[in-house]
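The values are calculated or read from the model by the stated rules, or taken from the named source; none is laboratory data. Keep in mind that this is a model prediction, so the values were computed, not measured. Virtual Cβ from ideal backbone geometry, glycine too; neighbours counted across all protein chains shown. We work out accessible area using only protein heavy atoms, side chains counted, and drop any ligands, DNA or RNA first. Shrake-Rupley method; radii C 1.70, N 1.55, O 1.52, S 1.80 Å.
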Amino acid sequence: MVKTLVAIEVDLASSFAIRFACQLGNLIRMEIHPIYVKFPSAEFPITGVGWVRYSWEREVVEKGRIEIQEMLSAETDSCPLMQEPRVIYGDREIELLHVIEQEPFDLYIEGAPYPFTPATIYKRWHTKFYQRLICPLIWLRSVRKIDQVVAVCLHPEGLKVLVEALKRLFVGSPLPLNLAYAKSGGGGDDMLPMVQKAVADLKAQGCQAAVGIAFTPGEGGPPPELSKTSGLVAVALGRGTRKDSPPLSWLPQISNPLLLVQL
């Protein structure tokens, strides 16, 4: 069972996140845990102690529960594995970090940073929460039918972590996994034999894997058209990715749901 944490807010991207998680839950064995961290608006006093402060916090949480109920109820009938949503009072990053440090999750899903630019990706990726997140994550800018997963394999190190993540997430799933690869990997390595071995390993784990197309990287990444027919694009991204790193220049071109696996 893939235990999945879905962070939501009252916005369109969060609606995408819940819808996509439910769609994915019909293709893999997945348990969905929605979480909404609610910080008080300006009219709520944040000072005080004891019963008064507890009462304020309880009211904030209850308002948050009402806010997300409509969003979640729209997906409930088609999403039987959705757990009761958690509504928590406090700072979003601090509270999410506390949850992932206290509980093991296999996947994290949320709306993508907006605007989806190199600068916003870099800023989000280097926050304490993402630097400590040990499971793969999915960013949503849109929802598409999940007819296949395209894993973009740029170099041997990325191929290795992508394969390990795909094994854990898609074991026994009928969803096709296509491993597209750079014609010349990092350091000039010939990627094809490595990709063929990776496909064999995935098949041995019960995944529906195949060798995808070979591409010539442009600006360090795949051509944009590679992702057009995919419901999910998987990419390995280093935790220490720099502002001028090539992946940050081409990731914004991918509008598909994006599975990121940390290097």
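Summary of values
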quantity: ASN256 long-range amide H proximity, modeled H, under 5 Å; calculated: none
quantity: CD proxy at 222 nm, helix term only [per DSSP H run n ≥ 4: -39500 (n - 2.57); per residue of the chain; nearest 500]; calculated: -12000 deg cm²/dmol
quantity: Proximal aspartates and glutamates relative to LYS228, as straight alpha-carbon distance under 17 Å, when same-chain residues fewer than 8 apart are discounted; calculated: ASP147
quantity: Largest to smallest accessible area among MET71, MET1, MET30 [probe 1.4 Å]; calculated: MET1, MET71, MET30
quantity: Estimated dipole of region 149-262 in Debye, rounded to 20 [Cβ of Lys and Arg +1, of Asp and Glu -1, Cα centre]; calculated: 240 debye
quantity: Amide H within-cut-off set for GLU31, under 5 Å, with H built and near neighbours excluded; calculated: VAL2, LYS3, THR4
quantity: Cα gyration tensor shape of the chain, rounded if a/c is under 1.5, else prolate or oblate by comparing a/b with b/c; calculated: prolate
quantity: Karplus 3J(HN,Hα) series, Hz, for region 204-212 with 6.51 cos²θ - 1.76 cosθ + 1.60 (x for Gly, Pro); calculated: 5, 8, x, 9, 8, 9, 8, 6, x
quantity: Environment charge at VAL233 (Cβ cut-off 13 Å; Lys +1, Arg +1, Asp -1, Glu -1); calculated: +1
quantity: Bridge type composition, the chain - antiparallel percent by DSSP, nearest 5; calculated: 10 percent
quantity: Cα-centred dipole magnitude for the chain, charges only on beta-carbon of K, R (+1) and D, E (-1), debye, nearest 20; calculated: 500 debye
quantity: Radius ratio Rg over Rh of region 149-262, counting only Cα atoms, Kirkwood formula for Rh; calculated: 0.93
quantity: Scaled radius of gyration (Cα, divided by 2.2 N^0.38 Å) that region 121-180 gives; calculated: 1.28
quantity: DSSP loop GluC sites (Glu not before Pro) with at most 12 other Cβ within 10 Å excluded, longest remaining stretch of the chain; calculated: 44-218
quantity: With every protein chain in place, region 149-262: carbon and sulfur % of accessible area (1.4 Å); calculated: 54 percent
quantity: Relative contact order of the chain, pairs being alpha-carbon contacts under 8 Å that are 6 or more residues apart, as %; calculated: 21 percent
